[in-house]
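Asks: My structure is below; once you've seen it, I'll send some questions.
What follows is calculated from the coordinates using simple rules that are stated; it is not laboratory data. Please read all numbers here as calculations on a predicted model, not as lab measurements. For neighbour counting, all protein chains shown are included, and Cβ atoms are generated from backbone atoms with ideal geometry for every residue, glycine included.
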Amino acid sequence: MMQALSEISLSAILIIGVLQGIDKNLINASRDLGASPYETIKRVVLPSAKSGIIVAGFIAFVKSLADFGTPIIIGGNFKFLATESYLTVIGRSNLPKASAMSVLILVPAMLVFAFYRYHMKDLQLFTNTGSKTFESGETGFELKGPLNTFLGILTWFFIIVMILQYVTIFGSAITYYNGKNYVFTLKHIKLMRYGKWGSFFRSIRYSLIAGISTSFIGLLLSYYIERRRFIGSKIIDFIATLPYIIPGTFFGIGYILAFNNRPLILTGTEIIVILNCIFRQIPIASKAGSAVLTNMNPEIENAAKDLGVPKIFVIKDIILPLLKPAFLISFINTFTTTMTTVGAIIFIISPGAKVATVEMFNTLRDGDYGIGAVIANLIIISTLLINMVFSKLIQQPNPAKALESKFHR
């Protein structure tokens, strides 16, 4: 349940980005022809959002498959392959056995990736044939009956669980248990040493660099894979997905082995941590871009090419503005993940350049739950604020989409 709850937010953001690109004329036409809201959702909205649903499902599956943090904390006596492989390295120093476990994790991930590519190919064949126009304005309709009640219950259940989770974290930072009651205190905040503040601001710097870099690289990669479709594009897509399939701890170990000797020695530097975070999250950026591109009208791009517009300006003035929802999804995911990651970087950071999550991990390991809660609150608040500010900056009026809305008029 915790895995599902943790993946709902990213999946919702991704699917919302795809829903925003659905041709509103289709929904209006369905309603004008007498279709009920349920029939419109079934026959228009869900088929149009299928690309986003498939991408969200693929990402959630792969993230859950390779996650070791959640199972190791709340899994109890249940054993998971990612957790066992992590403990094999940390507790037994048996790298060959742990590597074999990681290979086993790759098998179901590859099968799901094949399923993902097969259905995305079908969607491309469907969405790239025919004309797409966009209409501004409200196209909402009200759901009634059992479905509306069921969706409302699910939504409020998720909201209540999230509120309880964050209230608990906040409360742990300003209270302590004296054996009978919880007592208010500020000692946990006062015990935050300068080194921990340095780790916190270092995390923000790493996350901003990784978020912006990953978004640009991933979206350009998705454009060349989905639009150009050159020879070997599927192989490149699979290679770009591998960092997300591989468990984070072994992704970090791979960086140690790759960059610990000449000609490129990066071990112990900030660059290796940032590169790890960038390439670890590129699959999310590329999949988000792919989901949006499958619902994007290719005719305006083709028209620009027919008019002699250079390819670089087609990408800069048409493709990238239309990919703003995917860029926002990628940035939020990369920034948030970099601020909260442990497994992928725990082996490659130097002792004098720790990040906030590693400081939090160490304090929790030492039993200092109050200080750990303070660090967790700092991470949550800063991540929320920066994501909100970035969302406001990126969600400006889109001239490319306005042009597309008039393309067929």
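Asks: Express the Stokes-Einstein translational diffusion coefficient of region 259-381 in µm² s⁻¹, to the nearest whole number, given a Kirkwood radius over alpha-carbon pairs, 37 °C and a viscosity of 0.692 mPa s.
Replies: On the way: Rh = 17.5 Å.
It diffuses with D of about 187 µm²/s by this estimate.
Asks: Treating only the Cβ atoms of Lys and Arg (+1) and Asp and Glu (-1) as charged, compute the dipole magnitude of the chain about its Cα centre; round to the nearest 20 debye.
Replies: Values: 37 positive and 21 negative charges, 116 e Å.
Dipole about the Cα centre, nearest 20: 560 debye.
Asks: For the chain, what log10 I(q)/I(0) values come out of the Debye formula at q = 0.06, 0.09, 0.10, 0.15 1/Å, with one point per alpha carbon and no solvent?
Replies: Each listed q corresponds, in turn, to -0.28, -0.63, -0.77, -1.50.
Asks: Which value in deg cm²/dmol, rounded to the nearest 500, describes the helix-derived mean residue ellipticity at 222 nm for the chain, given -39,500 (n - 2.57) per DSSP H run of n ≥ 4 and division by the residue count? Intermediate values should be presented prior to the final figure.
Replies: Details: 19 runs with 280 residues, N = 409.
The per-residue figure over the chain is -22500 deg cm²/dmol.
Asks: Picking from A12, A344, A35, which is most flexible by a Gaussian network model of the chain using Cα springs under 10 Å?
Replies: Most flexible of the set in this elastic network: A35.
Asks: To continue, here is another question. Suppose R0 equals 22 Å. What FRET efficiency, 1/(1 + (r/R0)^6) with r the Cβ-Cβ distance, do K190 and M2 give to the nearest 0.05?
Replies: That gives a FRET efficiency of 0.10.
Asks: Where Rh is the Kirkwood radius over the Cα pairs of region 217-297, the temperature 4 °C and the viscosity 1.567 mPa s, what D in µm²/s does Stokes-Einstein return?
Replies: Value of D from the Cα-based Kirkwood radius: 94 µm²/s.
Asks: Which of K196/K392; K50/K287; K97/K354; K63/K287 have a Cα-Cα distance over 19 Å? Each step should come with its number before you reach the end.
Replies: Values: K196/K392 30 Å; K50/K287 13 Å; K97/K354 29 Å; K63/K287 13 Å.
Over 19 Å apart, Cα to Cα: K196/K392; K97/K354.
Asks: Now for a separate question. Tell me, F200, F58 in order of fewest to most beta-carbon neighbours within 10 Å? It would help to have the intermediate numbers written out before the result.
Replies: Working: F200 20, F58 23.
Arranged by neighbour count, lowest to highest, F200, F58 become F200, F58.
Asks: Now for a separate question. Taking 0.36 nm per intervening residue step and subtracting the Cα-Cα distance, what contour gain separates K24 from Y224 on full extension? Let's see the in-between values first.
Replies: On the way: separation 200, 0.36 × 200 = 72.00 nm, distance 2.74 nm.
Working it through step by step, the gained length comes to 69.3 nm.
Asks: Quick check: Cα centre of region 210-246 to Cα centre of region 1-42, how many Å?
Replies: Result: 26 Å between the Cα centres.
Asks: Given the options N261, M296, I274, identify the residue whose Cα lies farthest towards the positive end of the charge dipole of region 251-306 (+1 on Cβ of Lys, Arg; -1 on Cβ of Asp, Glu).
Replies: N261
Asks: Over all Cα pairs of region 208-258, how is the pair count split among 10 Å bins, expressed in % and running from 0 up to the last occupied bin?
Replies: 22, 41, 33, 5
Asks: What fraction of the Cα pairs in region 5-65, stated in percent, has a spacing above 17 angstrom? Kindly include the intermediate steps, with their values, before the conclusion.
Replies: Numbers: 827 of 1830 pairs.
So the pairs more than 17 Å apart make up 45 percent of the total in region 5-65.
Asks: Sticking with this structure for a sec: Relative contact order of the chain, please, whole-number percent, based on alpha carbon pairs below 8 angstrom and at least 6 residues apart.
Replies: After rounding, I find 23 percent.
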